[in-house]
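Single-structure report; data block below.
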Amino acid sequence: MRYYLFDANVLVSYYCAEDNPVVRRRVLSLFPARAKGDVFLYLPNFCVAEVLRAFAKKCWSERIYANPKDSFDEFRTAFLQDIVDSKNIYSYELSRRHVKLTDKIYETASSISLRKGSPPSAFDVLLIAMGCDLMSIHGHDRFAIVTSERPIYDVCRTNPAEFPVVFNIAEHDLR
């Protein structure tokens, strides 16, 4: 079995299909494997609020959809159906042990952020910490973080033995 921890940005692109059809196709390809029990999908619980906030921003602030209310309701309903009761995606709870892991991540991030641009956000660091925890549970070869943003990708790629495998789903298919 393979285990994946999604970043919020991946699911925003999945549910808002016009946003990034390549990401949508790649996420959608995981659901049959999930139904067969070959794949397990995690989302940090704080990312639930991030996803809903992004839907609201796209629908109400950016007004990129013809009918903002209907679009928001459609995205919200589909997302919550997948996350509530862990139908397709399991909401993974943030804990104190994850917070304790952030020191090494901040240390690594500070050494690369000057070279690579923007540093990871606090949520990015917590997501990496949760990924480190899940990697220790499931094994390095069976677990990966899935994102479409650079900071998480850059931090995890600095030390592949210490940090989880990371896929930038906007650039690569999942293995």
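Bear in mind these aren't lab numbers, they're just calculated from the coordinates by the rules spelled out. Since we're looking at a predicted model, the values are computed, not measured. Glycine also receives a Cβ, built like all others from the backbone with ideal geometry; neighbour counts cover every protein chain displayed.
So here's what we get for this one:
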| read-out | value |
| --- | --- |
| Protection proxy ranking, peptides 94-106, 60-72, average beta carbon neighbours within 10 Å, highest first | 94-106, 60-72 |
| Ellipsoid semi-axes in whole angstrom, largest first, where each is sqrt(5λ) of the Cα gyration tensor of the chain | 26, 19, 15 |
| Environment charge at PRO68 (Cβ cut-off 10 Å; Lys +1, Arg +1, Asp -1, Glu -1) | 0 |
| Net dipole in debye of the chain [+1 Lys, Arg Cβ; -1 Asp, Glu Cβ; about Cα centre; nearest 20] | 100 debye |
| Total formal charge among the other residues, if their Cβ is under 12 angstrom from that of CYS47, Lys/Arg +1 and Asp/Glu -1 | -3 |
| Net +/- balance of residues flanking THR147 in space, Cβ distance below 13 Å, scoring K and R +1, D and E -1 | -3 |
| Whole-number percent relative contact order across the chain, with pairs defined as alpha carbons under 8 Å at least 6 apart | 26 percent |
| Principal-axis tilt of helix 45-56 within the chain, Cα atoms, nearest 10 degrees | 40 degrees |
| Value of [θ]222 nm, deg cm²/dmol, for the chain, DSSP H segments ≥ 4, -39500 (n - 2.57) each, nearest 500 | -16500 deg cm²/dmol |
| Among beta bridges that DSSP assigns inside the chain, antiparallel share in %, nearest 5 | 0 percent |
| Residue exposure sequence - ASP82, ASP7, ASP73 - by fewest surrounding Cβ within 10 Å | ASP73, ASP82, ASP7 |
